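Quick note: the coordinates plus some simple rules give every number you see, no bench work behind them. What you see is a predicted model, and the numbers here were worked out from it, not measured in a lab. Note that we place each Cβ from the backbone using ideal geometry, even for glycine, and neighbour counts take in every protein chain shown.
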Amino acid sequence: MKRIVIGAVLLALCGATTSAQSGSSARDEVLAAQKHFYDVYRTCNEQEMAGLVTDDLLYVFSVGFMHKGKAEFLKSLEGQNCGWDVLQVDVTDVRIHGDTAVLVGNFRYKGKNSPAVEAKLLAMQVFVKRNGRWLFAANTTTEAIPLGGSLKLK
């Protein structure tokens with residue numbers, strides 16, 4: 001009986017280790033996909049970006065507009081308005097739910113030839129795993145309000 005209990009405990013520990021390793025691996029994979037997304041976004045490379053996002057992408061900006069779908073998002077990469085010195089989300093939390101990952105972090109950006117943005121912005125992003133790759137599916141960015149703080153309306 002003692003051997004059975006010890007065997008069951010060892011199996012449970014092995015299963016927990018495997019689960020933790022796969023969770024860590026998924027976390028590392030999605031963080032790498034998110035970093036790559038912003039590296040490509042910063043350069044406005046439409047062709048490469050097309051392989052990094054879902055067809056039904058939703059990208060909501062803190063100022064109230066959004067891109068609906070891959071085509072609209074890729075079109076936004078055209079022209080002189082694209083190009084960034086800084087464009088990234090410093091991820092503070094990652095939640096993996098099967099083939100879906102939710103990332104939360106502090107959003108920072110600075111356009112080329114423009115002043116740095118002073119607003120404190122919070123981003124929440126969704127990635128989905130399709131055919132073994134993590135694809136960018138959704139983003140929403142909002143002004144971060146300190147706990148106990150409030151928005152100042154003009």
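With equal scatterers on the alpha carbons only and no solvent term, can you work out the Debye log10 of I(q)/I(0) for the stretch 74-134 at 0.12, 0.21, 0.29 1/Å? The Debye formula, applied to the Cα set alone, gives -0.42, -0.93, -1.10.
With a Cα cut-off of under 29 Å and a minimum spacing of 8 residues unless on different chains, the lysine pairs in the stretch 33-154 number 27.
Can you check what the net charge comes to around residue 100, using other residues whose Cβ is under 14 Å from the Cβ of residue 100 (Lys, Arg +1; Asp, Glu -1)?
Here the count lands on +2.
Among the GluC sites (Glu not before Pro) within the stretch 54-139, those in coil by DSSP and having at most 11 neighbouring Cβ atoms inside 10 Å are 78, 118. Rounded to the nearest 20, the size of the Cβ-charge dipole of the stretch 24-64 about its Cα centre is 200 debye, with Lys and Arg at +1 and Asp and Glu at -1.
Assign one of three labels to the stretch 29-154, namely rounded, prolate or oblate, based on the Cα gyration tensor with a ≥ b ≥ c the square roots of its eigenvalues; rounded applies when a/c is under 1.5, prolate when it is not and a/b is larger than b/c, and oblate otherwise. Since a/c reaches 1.5 but b/c is at least a/b, the shape of the stretch 29-154 is classed as oblate.
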